Amino acid sequence: MVKFLPLKQAVAENLNDGDTVAFEGFTHLIPTAAAHEAIRQGFRDLTLIRMTPDLIYDQMIGMGMAKKIIFSYVGNPGVGLLRRARDAIENGFPRAIEIEEHSHAGMANAYEAGAAGLPCAVFRGYRGAGLADVNPNIRSVTCPFTGEALAAVPSIRPDVTFIHAQKADRKGNVLVEGIIGIQKEAVLAAKRAVVTVEEVVDNFDDLHPNLTVLPRWTISAISVVPGGSHPSYAHGYYVRDNAAYLEWDEIAADREKFQAWMQANVINRTADDFASRVEHLRKAA
Amino acid sequence: MSVQPGFTANEMMTIAASRALKNDDVCFVGIGAPSAACNVARLTHAPDITLIYESGTIGTAPDVLPLSIGDGELCETAVTTVAVPEMFRYWLQGGRISIGFLGAAQLDKFGNINTTVIGDYFHPKTRLPGGGGAPEIATSSKEIYITMAQTKRGMVEKIDFFTSFGHGEGGDHRQRLGIDTAGPTLLITDLAIWKPDPASKEFTVVSLHPGVTRQQVRETCGWVVKFAEALDETPAPSELELKTLRDLQARTKAAHEGTGKGKAA
């Protein structure tokens, strides 16, 4: 049953060295505070799964925590490349990492299959695409009814998934709204799930009944971390800090600058710092 | 490279691309130049165009261009916002997209696109972001429009990696793979408008932007360029088109720089 825990404890109880882990959020609601807590606790040999690795995986890869990444877009959307990830892939710095690359459709279908308890996902994809030649986990099956060749990829089943959401109620049910991304599937596909939320409310009774809700029994732990998604955003709470994404390009371009930034902004900080990071963004929301 | 006083080559490219979009199109929009072109179309001649971003926003009408495919404004102004699996299964794979609008790092004359790696996949010279939604956008959208600025490094005889399949080796290669959509039907660069030859599927220049010469097109393209017999000149941007694009870009610049100093990315 779900437990309300401080983030430090929620991460320590649910993540282990060598785990396969997804920190999901599709541009919106990226669980940055949870990722920073994982960095502070120094986990090693992680297999990081995520459709768009974004800054948090650039940071984990740059800190040498990843042995493998499974992804479908290793860029900083609208800005360019993820420079720490690129350094690891091109130069093996700070360590070589394995990569397993898919398309967004492949990843989305694989998460959905994981949530559905299926061993693989079947969809019409990768036709003519080079990824099928370099990723042995992209295979094909023949439709038993029409004979059509379809792509098949293994389902995604993380040991643990971390997401950020707007609200939990006192029982631990979770509400997500806005761009809802892949988070519901990523939680349901995982053995354990940790959710950071902007706030806890008594109940959702005054909200409309079709908002995406993860029932409390699908979640291991909830931590209240206002602003925990920065520089991503939480719809209705604060806007995306696009300037920070632009600035990251410069920070991550240099190995030493990156390390100094991580010390100052992650290692020597706590999850409580996130609330102040979004103060100026709340006014614009 | 300014082609003529009054507007830049890049502006001409974006505006020429916007003109290709129709009011009843349902367009899967890539970030960057495609996004600018689609929104200029919406703000000028195609007010009811349906713009879809892969984050799940359907029928969005942003006031500023998004930095990412999932900026909040895309959701706030959308007709509806759906989960990512639904976006790719029901809307894209389900055949409900008329135009997929893509950019490219490398492009060949058959409209095959590489945004994955420069060099060998396993030992890349440059690791690029990769395909994201593009591999399936390229095969499930009814047609593909491509836009990019011309360079010899970008427009190459042979791409290093097939991120998105265009016409393959040309001719009926798509059909032979069982792909029943039209694939790339239009390429708009900063110098010209290109369309595939009906038989060979090789991109052929059909219109030069104002002030552009055949020689400029050849010098900035890595394959031997074919020109249509009847070569048009692209109409210069109208005052309204230019003003719409520039206002949009000014709003966008102010919005993205204005969010804060990013002290804790």
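We did not get these values from a lab; they are worked out from the coordinates using the rules stated. Not measured: the values here are computed from a predicted model. Counting neighbours? That spans all protein chains shown, and the Cβs are built from the backbone with ideal geometry, glycine included.
Within the range B:159-171, can one find any residue that is buried (at least 18 other Cβ atoms within 10 Å of the Cβ) and in a strand (DSSP E or B)? There is at least one residue in the range B:159-171 that is buried (at least 18 other Cβ atoms within 10 Å of the Cβ) and in a strand (DSSP E or B). The one condition from (1) touching a Phe, Trp or Tyr at 6+ places or on another chain (Cβ under 8 Å); (2) without any contact (Cβ under 8 Å) to a residue 60 or more places away in the chain; (3) outside any loop (DSSP other than H, G, I, E, B); (4) within 10 Å of chain A (Cβ to nearest Cβ) that B:Ile137 does not meet is (2).
Residues that are surrounded by 12 or more Cβ atoms within 10 Å (Cβ to Cβ) and of a type outside the set (A, V, I, L, M, F, W, C) within the range A:251-272 comprise A:Asp254, A:Arg255, A:Lys257, A:Gln259, A:Asn265, A:Arg269, A:Thr270, A:Asp272, listed in sequence order.
Could you name every one of the helices (runs of 4 or more DSSP H) located completely within the range A:168-265 that has at least 2 residues being more than 14 Å from chain B (Cβ to nearest Cβ)?
Numbers: elements: A:183-189, A:242-252, A:255-262.
Passing ranges, in order: A:255-262.
Just to be sure before I move on: is B:Lys109 among the basic types (Lys, Arg), surrounded by fewer than 24 Cβ atoms within 10 Å (Cβ to Cβ) and either in contact with a Leu (Cβ under 9 Å, 6 or more places away or on another chain) or touching a residue at least 24 places away in the same chain (Cβ under 8 Å) (or both) in the structure I sent? So B:Lys109 fails the test. State whether the residues of the range B:91-102 include one that is facing chain A (nearest Cβ under 9 Å) and in contact (Cβ under 8 Å) with a residue 12 or more places away in the chain. Yes.
Taking A:Ala115 as the residue in question, decide whether it is more than 7 Å from chain B (Cβ to nearest Cβ), more than 25 Å from B:Ile159 (Cα to Cα) and surrounded by fewer than 24 Cβ atoms within 10 Å (Cβ to Cβ). Taking the combined requirement at face value, the residue satisfies it. Note on the range A:68-84: among residues that are among the β-branched types (Val, Ile, Thr) and not in a strand (DSSP E or B), the one that is surrounded by the most Cβ atoms within 10 Å (Cβ to Cβ) is A:Val74. Within the range B:11-18, the presence of a residue that is crowded, with 23+ Cβ neighbours inside 10 Å and part of a loop (DSSP other than H, G, I, E, B) is excluded.
A single entry from A:Phe23, A:Phe93, A:Phe43 fulfils the requirement of being closer than 26 Å to A:Val195 by Cβ, more than 10 Å from chain B (Cβ to nearest Cβ), aromatic (Phe, Trp, Tyr) and in contact (Cβ under 8 Å) with a residue 60 or more places away in the chain: A:Phe23.
Of these, A:Ala121, A:Ala110, which one is buried (at least 21 other Cβ atoms within 10 Å of the Cβ), more than 9 Å from every other protein chain (Cβ to nearest Cβ) and out of contact with any helix residue (DSSP H, G or I) (no Cβ under 7 Å at 6 or more places or on another chain)?
Numbers: A:Ala121 fails: out of contact with any helix residue (DSSP H, G or I) (no Cβ under 7 Å at 6 or more places or on another chain).
From the options A:Ala121, A:Ala110, the qualifying one is A:Ala110.
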